[in-house]
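Encoded as structure tokens, the structure appears first; notes follow it.
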Amino acid sequence: MRCGKGPTRLLLSLVAAGALSVACVTTPHAGGGGGPGAPGRGIASPTPVGPIGHQGRWLTDATGRVLLLRGINFVPKEAPYYPSAAGFGEKDAAWLEDHGFDAVRLGLTGTGIMPTPGRIDQTFLDHLQQTVDTLAAHHLYVLLDLHQDGWGPRAGGQPLGSDGFPEWMTQTGGATNTHTGFPLYYVTNPAIQAAFQSLWDDAPGPDGVPLQTQVATMFGALAQRFGHNPWVLGYDVFNEPWPGTEWSSCLTPPDGCTDLDRRELDPLYAQVARAVRAHDPDGLVLGEPFVLFNFGVAGTTVGRPGGDPASGMSFHMYTVDAAQEPTVIADALDWSARTGGALLNTEWGASTDPAAITRQADELDRAMIPWMYWAYDSLTPAIVPSVVRPHPVAVAGTPTAFAYDAATKVLDFSWDATRATGLGRFPPGAVTSISTPALTYPDGYSVEIHGARVTSTPCAATLTLTRLPSAATVSVRVTPGGSCGA
């Protein structure tokens, strides 16, 4: 979605025992591992080892450690649609690294990558690659996101939605364009609904090539360019898809519009998955449910994209009522339990209220779901402390509980030494890492551990731990304040 997602509420109103150790931190974050082509090199690395995969709901690195990544969105929405043109570069990547972020969801539009039918803009991809390389140099993984809000910026020379697909892909069949603004355009603009429907119906484009084939071609080009880059964790197929002209059927709880999930989303996602796999054998392919899922009003029955083993669901959390936020999380966990797919929250927040941001981050953290905040260019000094939070990064075992109290700055985390596959334990020398940003702990921190020992140096911004050979489980508490070097 676009900046300022708070008005979504208007749309909804229309549709109704071990060792004790001490460590501290006073310095900015310093990443570990190798350079852009070399993420961490094994279970002794504090940084994840690419490529990133999954075991059921859990994201995992190449060593099998569970990853609880914390990321942020950056989506250029004005021509020429690539990040550096929007002013995003080296200083921004350094800021993200220094503040403990692990990943960026990097948005691109159909207008940017394929401005004319069937022709990939390789210069656009060159610019995108420069940004990916910059982020990788700062140990930030990238999720490539095909982004849209309201289908596309224009139809017939007139304003339609916000950004996304090019005019040549826009087929409205003469439906009325009400020129409604965000976020009401989905439910009040027949032209937007018709444009989506033309994609779901796989209508031929102006060159005779079906629209879904064109979308798959976009992802084939992305996979060809980035498929062997270990810092690209995968592909988000479609930001917040709208169900077209039959959208009201998606408001039926508990499963939403099952028929449309299978008839509209599943075929497109399967075609994209095949296009990605032609060039990238490992990258995660993440499909999104229809956008109404994100409001907590209905679940989803969408499948894993193409049934691909390295696939899962990207979901967002934007509810009218805060009481519905746990519903979105529960529905996402239920989807993963049913399908075995990976789970990643790729948008939440979009608020200027630090209390709301803290509440939502707490909910996602307690559910142990990796997340990406919306959005980098909407951060303000008032909300940065709510988004920058200490968190486990790579876990040599299976997480069992996680909580962070923003008021006291106390982090509690526990895990079982058993691998996420359920088959065997990690060796005691395997490293578990926890990001401890200086913004959170400017005067250092203390660590109480049961079942492990600290292996990081005094003042390290990434706390590293290894399990004691006799321990089957580990728990750690991080509290503010400490004597550096004690």
**Request:** List every residue pair whose Cβ atoms lie under 6 Å apart, where the two residues are 6 or more positions apart in sequence or sit on different chains, the first residue falls within segment 384-395 and is under 21 Å from residue 465 (Cα atoms) and surrounded by 21 or more Cβ atoms within 10 Å (Cβ to Cβ), and the second residue, located anywhere, is modelled with pLDDT of 95 or more and polar (S, T, N, Q).
**Result:** 390/435; 390/436; 390/440; 391/435; 393/433; 393/435; 394/433; 395/432
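Yes/no matrix, rows are residues, columns are (1) touching a His at 6+ places or on another chain (Cβ under 6 Å); (2) aromatic (Phe, Trp, Tyr); (3) buried (at least 20 other Cβ atoms within 10 Å of the Cβ); (4) closer than 22 Å to residue 143 by Cα:
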residue: 314; (1), (2), (3), (4): no, no, yes, yes
residue: 323; (1), (2), (3), (4): no, no, no, no
residue: 362; (1), (2), (3), (4): no, no, no, no
residue: 370; (1), (2), (3), (4): no, no, yes, yes
residue: 377; (1), (2), (3), (4): no, no, no, yes
**Request:** Could you list, in sequence order, all residues of segment 253-267 that are in a loop (DSSP other than H, G, I, E, B) and touching a helix residue (DSSP H, G or I) at 6+ places or on another chain (Cβ under 9 Å)?
**Result:** 254, 255, 256, 257
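Given the structure, is residue 288 within 30 Å of residue 210 (Cβ to Cβ), of a type in the set (Asp, Glu) and under 17 Å from the mean Cα position of the chain (by Cα)? Give the steps one after another, and end with the answer.
Working: within 30 Å of residue 210 (Cβ to Cβ): yes; of a type in the set (Asp, Glu): yes; under 17 Å from the mean Cα position of the chain (by Cα): yes.
Judged against the criteria, residue 288 is a match.
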**Item:** Wholly within segment 396-486, strands (runs of 3 or more DSSP E) carrying at least 3 residues that are under 27 Å from residue 341 (Cβ atoms) and hydrophobic (A, V, I, L, M, F, W, C)
**Value:** 398-405
**Message:** Quick check on segment 235-244. Is at least one of its residues assigned to a helix (DSSP H, G or I), out of contact with any Gly (no Cβ under 8 Å at 6 or more places or on another chain) and surrounded by 15 or more Cβ atoms within 10 Å (Cβ to Cβ)?
**Reply:** yes
**Asked** So is residue 207 among the acidic types (Asp, Glu) and touching a Pro at 6+ places or on another chain (Cβ under 7 Å) or not?
**Response** yes
**Prompt:** Does residue 446 satisfy being of a type in the set (S, T, N, Q) and surrounded by 20 or more Cβ atoms within 10 Å (Cβ to Cβ)?
**Reply:** no
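The values are calculated or read from the model by the stated rules, or taken from the named source; none is laboratory data. On a predicted model such as this, the values are computed, not experimentally measured, just so you know. FYI the Cβ positions are ideal-geometry reconstructions off the backbone, even for glycines, and counts take in every protein chain you see.
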